[in-house]
Each structure stands twice: as structure tokens, then as C-alpha cells.
Amino acid sequence: LSGCGGGGGGVSGSPPVAAVEEGEVIIGLTDAQGDYLSYVVDVDSLLLEKANGSTVETLPLSTRVDFSELTEVTEFLTVATVPAGNYTSVVLHLDFSDAEIVVQDPMGEAVAAQPQDIHGQPIADFAVRLRLTTADVIRVSPGVPAAFSLDFDLDASNEIEFTDAGAIVSVEPFLLAVPELEVDRAHRVRGALADVNETGSEITLKVRPFHHRNGNFGPLTFAVNDATTYEIDGESYTGAGGLSVMAELPENTPVVGGISLADGGRVANTLLAGTSVPWTDGDVVKGVVAAREGDSLTVRGARVEFADGSHVFRGSFNVLVGEDTAVSALGVPADSLSANSISVGQRVLVFGELQDDLTMDAAQGRVRLVINQLTAEVVQASPLAVDLFFLNGRRPAAFDFSGTGVSQ
């Protein structure tokens, strides 16, 4: 025990108390592909535990997480400073009290689901303990950052039962831990700009995961290079030009980065900053175009992010575009894109004016085309033919391709 005195001196004759050594641990959150269009729960706590039972909290604030958004990417959740040592367990506290779970039926239609435990009882707080194997122990040392990813496997953790009234999800959370960040997986960091080092080609963010706009989740530094593409306040840049513009931005500018891992380092492939970050410049709709009739798009699995920071899920949403809609895609020349570039099956972010709860007018707004993910089995290599399972997480039956020149 350390002594306390008015001038900071210790008790006479008592030995000095050694400072506790600390190290940094970077924690990512991810998930695997599944039939969930929305799986929103509150992550209240993420504890690391040593073999002697001592624990340390790594999450400064309760964080509302949509695990269905993590099927293709690992999000940096927190960069925590913790006492050095070996941590043998992880304890994740989940709160299902205000969960928003939406599944898709065999036809790709959205169905709201109610969570329950494996005994059929309503579920609220749930603590999941993961004991790490000897090889997976998290070793934290001063000056040597540790990193690991937590995979909340939705398919293994939930059993879906469809009923006449909707759906029921029986929950028995199942966690996997990877004692490092996965090199072959995309990573995402969200936060506020802390520093731009043009000479060293590095950017540091104050990590603020998911929809947090405040909170101390730690700093994360990553490199940029000549191949890094930027969209800053609606304008596109590549390489050094984008880095120079980033250096002119004020501290705490919102930033979202797509990060890859190479030779143990973190490199940004894409960066969005300023008003190019969803919700910083008004209301935004995110989802997949399921049908198109003229300038009217039907967006399925839509997440509406409001300018005030709140967000909701909508099974289907109407988006209106026009010849004045600005269409962009990272790494694609802006003059090669128009509203006619928005095809059925495309994942989009739409910036516009909400007309009502189910319609956004983007005729004078912006649409960003986002990289798509196709899950399929190859049935013929040349020419390529596949048996499609999912397109951007949706079953093929959810799409009507008649609006883009292909009827089936």
C-alpha cells in the first residue's frame, strides 16, 4: 500500500512502492456470415482476467453494436492501457434488454425476432466467459502492443425459429478469440482526427467505435501510402495529395478508415473524412439496392443514421435519385459515374433529405457506391459461373433485377 502525505512524501522508513508496469492491448470485434440483417445489442463491459482472478476493464463506455455489420470486417473496438502480464480469460457482458434483431426468411424477407435464452425465458444481461488456451493467452508487455480479435459467432450462438407472429431467436453466446489481428481480413477504424504526420506518412485517430461521438477508447496510429484513396468533404484524392488535405483538417474531424495489415503494420487502403463520414452532414441511408424503377430505388436492410447521432433499422426504404445526384466510389473517377451507375444488388450510402420515415430524396444529394460481397460456389471456371448464396448478405430471392436490363 502506498502512503499518502501532504507533500507527496511516503511514510518515514517505508520502502518505496514500485510503479505498476503497463502495456497496450488493441481489441477488435468481428463476426461470421449469417442470416441476420440486424443484430443490435449493448456491449456493457469487456474484461481481461488473469489466472489469479484479477480483472481489468478495457471498454470505457457501454457500446451499442450491430454484429451483422461485422460479417466482412473487424472493427477496432478499443485500444486500452492495462497492467502488464498474461491474461487467461475474456469476459464479455452483453445486454439484450433493448436488442434489435432482424432475420431473413428463405425468400430474403426481413422478419423481426425476439431473443430468449435456451430455456425459453426472456433474456437481458448475459456474461460470456472465454477461457484462453495456453497458445491464445494475451501477453501484455511495456512497449510491445498486444492485439486480439473477438468473434461473436452469430450462427453458432443463435437458433432461429419462425412463427406466425415473426421469429424467435434462442441465444447461447459463443465466442472465439484470435490472439492477433487477422492479416487476411479487412479492418475498420472509426474516430476523431488526432494527428497527421506528413513526413512519416502516418495518421493517428482517437478511436470512437460504431456510433460513439465521444469517449476515450485510446489512440490508433496507421500508415498511408501512394495507393491510399481518400474522400474528404465529398472530394476524391489519392496518395500524397490526400494526405496533404488531411493535414489541413482540424483536430477531432470525423474519420473512418479501411485498414489492412502488412508485415505487422497497419496501412490505410481507404479514408473518409469530414462530411464524407456518414451522419456528419445530415441524414444517411445505408443498405443494398433490391429493385429499381426509373429514378426510384428500393433499398433493403436499410440503416438510417440521423444527424443527431441516433440510428434505426428499416427492412425496406425508398430512395429517389436524379440527373443531379452526385455518385462516387473510392478509387473511381467521379466523371465516369452517374445515377445510372446504381444497379440492383449494389451496396450504397445515400446522403439526402428525409421526406418521411420510409423515403429519402437524394435528387440533389449524394450516393456512394460501396464494395460488394458475393458469397457463392464456383460451378464453372471459364467463363466464370457461380451458384449464388448471398449478395451483400441478402438471399438472391430478395432482388428484382428487372430495373437494370437483366430479367433473371
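Where the accessible area of the stretch 166-213 is counted over protein heavy atoms with a 1.4 Å probe, how much of it, in %, is carbon and sulfur? The nonpolar share, carbon plus sulfur, comes to 45 percent. Rounded to whole numbers, the Karplus 3J(HN,Hα) couplings from phi for the stretch 243-248 are 5, 5, 5, 4, 5, 8 Hz, using 6.51 cos²θ - 1.76 cosθ + 1.60 with θ = phi - 60°, and x at Gly and Pro.
Solvent exposure of the stretch 77-161 amounts to 47 Å² per residue of accessible area, where only protein heavy atoms count and the probe is 1.4 Å.
A DSSP coil position with no more than 15 other Cβ atoms inside 10 Å describes the following GluC sites (Glu not before Pro) in the stretch 217-314: GLU251.
Note on the stretch 264-316: Rg/Rh from Cα positions, Kirkwood definition for Rh, rounded to two decimals, is 1.11.
If Lys and Arg each add +1 and Asp and Glu each add -1, what is the summed charge of the other residues whose beta carbon sits under 12 Å from the beta carbon of SER141? Computed value for this residue: -2.
For the stretch 276-337, the solvent-accessible area with a 1.4 angstrom probe is 41 square angstrom per residue. Of the listed residues GLU198, GLU353, the order by accessible area with a 1.4 Å probe, largest first, is GLU353, GLU198. Just to be sure I understand, if you calculate Rg/Rh (Cα atoms, Kirkwood Rh) for this structure, which of (1) 0.97; (2) 1.01; (3) 0.95 do you get? Entry (2).
Extension gain, ILE371 to ASN197: 0.36 nm times the residue separation minus the Cα-Cα distance gives 59.8 nm. For the chain, the residue among VAL178, GLN114, PRO383 whose Cα projects farthest onto the positive side of the dipole built from Cβ charges is VAL178. What fraction, in whole percent, of alpha-carbon pairs in the stretch 87-237 exceed 25 Å separation? When all Cα pairs of the stretch 87-237 are counted, 51 percent exceed 25 Å.
Under the convention that each Lys and Arg Cβ holds +1 and each Asp and Glu Cβ holds -1, the size of the dipole of the stretch 130-269 around its Cα centre is about 520 debye.
The values are calculated or read from the model by the stated rules, or taken from the named source; none is laboratory data. Remember, it's a predicted structure, so these values are computed and weren't measured experimentally. Neighbour counts are summed over all protein chains in view; Cβ atoms, including those assigned to glycine, are modelled from backbone coordinates with ideal geometry. With ligands, DNA and RNA removed, areas are computed over all heavy atoms of the protein, side chains included. Shrake-Rupley method; radii C 1.70, N 1.55, O 1.52, S 1.80 Å.
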